[in-house]
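Let me begin by presenting the structure, written as structure tokens, before commenting on it.
The values are calculated or read from the model by the stated rules, or taken from the named source; none is laboratory data. Everything numeric here is computed off the predicted structure, so don't read it as measured data. Heads up, the Cβs are rebuilt from the backbone with ideal geometry, glycines too, and the neighbour counts pull from every protein chain shown.
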Amino acid sequence: MEFDIDRLIREEIRDLPIYNPGKSPEEVARELGVFGCVKMASNENPLGPSPRAMEAMREALPETHIYPDGNSVELREALAGKLAVEADRIVVCHGADEAFDLLAFAFLNRGDEIVVGEPTFTSYELAARTMGATAVRVPLRDYLQDVPAMLEAVGERTKYAVLCSPLNPTGTAVNKVEIEEMLSSLPVNVLLVLDEAYVEYVTDPGHPDSLTYLEDHPNLVIARTFSKVYGLAGLRVGYVVTSKPVRDALEKVKLPFNVNRIAQVAALAALGDDEHVAHSRELNRRGKERLYRVLEETGFEYVPTQANFILVKNGPHPDLFRRLIENCVIVREGEAIGVPGHVRITIGDDAQNDMLERALRAISAGS
């Protein structure tokens with residue numbers, strides 16, 4: 001008898017898609033023969049990590065033969081001070097992605113449901129399906145998560161609903177009324193998972209501070225990351241802030257030593273570098289305003305964003321993704337992230353935005 005993987009693999013993951021992170025400059029050069037591309041596809045911080053984080057990593061290298069702190073105590077205490085919450089409300093994770101895995105491992109049984117917007121970040125559904133649960137998808141309304149419709153989709157098998165704010169892939173955010181409606185209307189034993197990976201980029205002065213709801217809502221789970229504004233995407237550090245009972249449940253299924261030593265010291269240093277965060281936010285704000293102007297001048301429609309990326313309609317250029325690559329700019333194709341007919345463009349630094357502007361103007365002019 002020949003080896004047959006189908007006799008071994010779990011039914012729940014038999015048809016599970018493999019996550020596709022998009023094309024790298026190396027892939028584009030290899031596959032298409034286009035060299036010197038800038039990558040504006042994965043919403044990375046173009047400034048990179050803070051100088052403090054880089055110095056902390058250098059100093060920690062001689063100790064990489066020693067296991068890291070499995071409880072990330074120093075980082076949790078620093079986060080507690082920064083966020084004005086108790087340290088025992090915080091779980092430090094291997095990127096925010098691990099938080100969504102932990103939620104699935106801790107709370108989902110076969111046949112359970114989660115409620116998500118459609119489209120949204122795919123990790124929520126992938127984690128749920130791994131446990132044999134189902135994601136009930138609620139279509140967006142004008143690029144916004146439809147909170148009333150999501151509440152209507154909550155049923156007897158629902159374990160949690162997920163709001164991503166700002167929303168990947170549209171860049172739109174939920175407002176104070178919507179968060180409070182969700183919190184007040186969800187059944188007491190249904191969690192509200194709020195993914196705030198991009199929250200540090202929000203410029204709307206009316207955007208709600210989700211942390212203020214923790215005390216009165218033990219079913220609220222807030223996930224954040226060091227991958228975006230802190231520039232540590234390659235190290236994979238995220239965290240969850242929630243009630244103590246939910247935190248204890250997540251700790252039960254968390255791997256030992258889940259966040260490595262270098263990542264912990266880098267995140268701790270980055271957390272204290274307010275100047276780098278402010279610089280990153282200002283660079284993004286200026287880049288956003290510039291790209292709005294360029295898109296308007298070149299005739300491309302876009303969705304106003306609260307994040308560090310902009311969702312752009314292809315319009316009369318159905319091959320916009322390919323045309324941008326031909327002009328040495330790699331963006332995220334809308335089809336791959338649930339918004340066909342669009343591309344998602346990361347807001348870059350001045351040099352990257354220069355290349356993008358030249359490409360958009362060339363495409364708009366038909367050259």
Report, by residue number, each residue of the stretch 59-99 that is under 20 Å from Gly231 (Cα atoms) and among the small types (Gly, Ala, Ser). Ala60, Ser72, Ala78, Gly95, Ala96, Ala99
Please determine, by comparing only the residues of the stretch 15-29 that are within 18 Å of the chain's Cα centre (by Cα) and touching a residue at least 60 places away in the same chain (Cβ under 8 Å), which one is farthest from Gly132 (Cα to Cα). Lys23
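Just to be sure, is Gln264 closer than 21 Å to Glu74 by Cα, at pLDDT 95 or above and not hydroxyl-bearing (Ser, Thr, Tyr)? Talk me through it step by step, then tell me what you get.
Numbers: closer than 21 Å to Glu74 by Cα: yes; at pLDDT 95 or above: yes; not hydroxyl-bearing (Ser, Thr, Tyr): yes.
Yes: the conditions hold for Gln264.
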Test Ala60 against the stated conditions and say whether it is more than 30 Å from Ser210 (Cα to Cα) and at pLDDT 95 or above. yes
Please report, ordered by residue number, the helices (runs of 4 or more DSSP H) entirely within the stretch 267-367 with at least 1 residues that are without any contact (Cβ under 8 Å) to a residue 24 or more places away in the chain, more than 20 Å from the chain's Cα centre (by Cα) and under 23 Å from Val174 (Cα atoms). 274-298
Looking at Asp15, Asp6, which one is closer than 30 Å to Phe321 by Cβ, among the charged types (D, E, K, R) and loosely packed, with under 13 Cβ neighbours inside 10 Å? Asp15
For the stretch 128-167, which positions are part of a loop (DSSP other than H, G, I, E, B) and out of contact with any Lys or Arg (no Cβ under 8 Å at 6 or more places or on another chain)? Leu140, Asp142, Tyr143, Gln145, Asp146, Val154, Gly155, Glu156, Arg157, Ser165, Pro166, Leu167
Condition first: surrounded by fewer than 24 Cβ atoms within 10 Å (Cβ to Cβ) and either closer than 21 Å to Glu11 by Cβ or hydrophobic (A, V, I, L, M, F, W, C) (or both). Now tell me which residues in the stretch 102-122 satisfy that. Phe105, Ala106, Phe107, Leu108, Asn109, Arg110, Gly111, Asp112, Glu113, Phe121, Thr122
Members of the stretch 169-192 found to be without any contact (Cβ under 8 Å) to a residue 40 or more places away in the chain and either at positive phi or assigned to a loop (DSSP other than H, G, I, E, B) (or both), listed by number: Val174, Asn175, Leu186, Pro187, Val188, Asn189, Val190
